[in-house]
Amino acid sequence: MKLFLLFFSLIFFSSTLFAAEYKGKVVAVIDGDTVNILINGKHIKTGLAQIDAPEISQPYGLMSKSYLSRVIEGQWVRIIEEGQGEDEELLGRIYKGDFDVNAEMVKMGLAWFDVRSGKDKKLRALEKKARADKRGLWQDSNPTPPWE
């Protein structure tokens, strides 16, 4: 019985204990929170988990995309998977070396901490600081979140 419980626990909790990790090259930046990454010869649409950047048509949308392009386009990155998006895209935390790209987008005021799916208190604190410092989109008195 103990062996069965141990096996069941490992299967049930493995997705939270052992997040998949990938390495790939960023071949295109779609917007401020979505990129195409070449992983093992396949183009994988990847969303930056727990954040939401302005849409291209919204204020700061082009600035957000441009900044993300400068930071990681053409670069090798590491992705720690956090799930799948609505259109089956990979959602993950993206790192360039030890540099947390998701956190940087929030820190620079180029993306919101996504209150609908985010759990990382660090990202929430970075947004609060960006708001207080009026960085990026927080220069506007009442910016519209992309999910509205």
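Only the coordinates and a few stated rules stand behind these numbers; no lab work does. None of these values were measured; they are calculated from a predicted model. Cβ sites come from the backbone with ideal geometry, for glycine too, and all protein chains shown count toward neighbours.
Odds and ends about this structure:
- Label of the coordinate-derived value, Cα extents along the principal axes in Å, listed as (1) 60, 34, 28; (2) 67, 33, 28; (3) 45, 41, 30: (1)
- Length-normalised contact order for region 20-139 - Cα pairs under 8 Å, 6+ apart - percent: 26
- Distance (nanometres) between label positions extended 7 Å along Cα→Cβ at Asp87 and Ala132: 3.7
- Averaging Cα coordinates gives a centre for region 20-43 and one for region 98-148; these two points are 22 Å apart.
- Radius 11 Å from Cβ of Asp33, net charge of other residues (Lys, Arg +1; Asp, Glu -1): -4
- Ranked packing of 36-43, 65-72, 102-109, most packed first, by mean Cβ within 10 Å: 102-109, 65-72, 36-43
- The residues packed around Val77, meaning those with a beta-carbon under 9 Å from its beta-carbon, carry a net charge of +4 if Lys and Arg are +1 and Asp and Glu are -1.
- Dividing the summed -39500 (n - 2.57) terms of all DSSP H runs of n ≥ 4 by the residue count of the chain sets its mean residue ellipticity at 222 nm at -10000 deg cm²/dmol.
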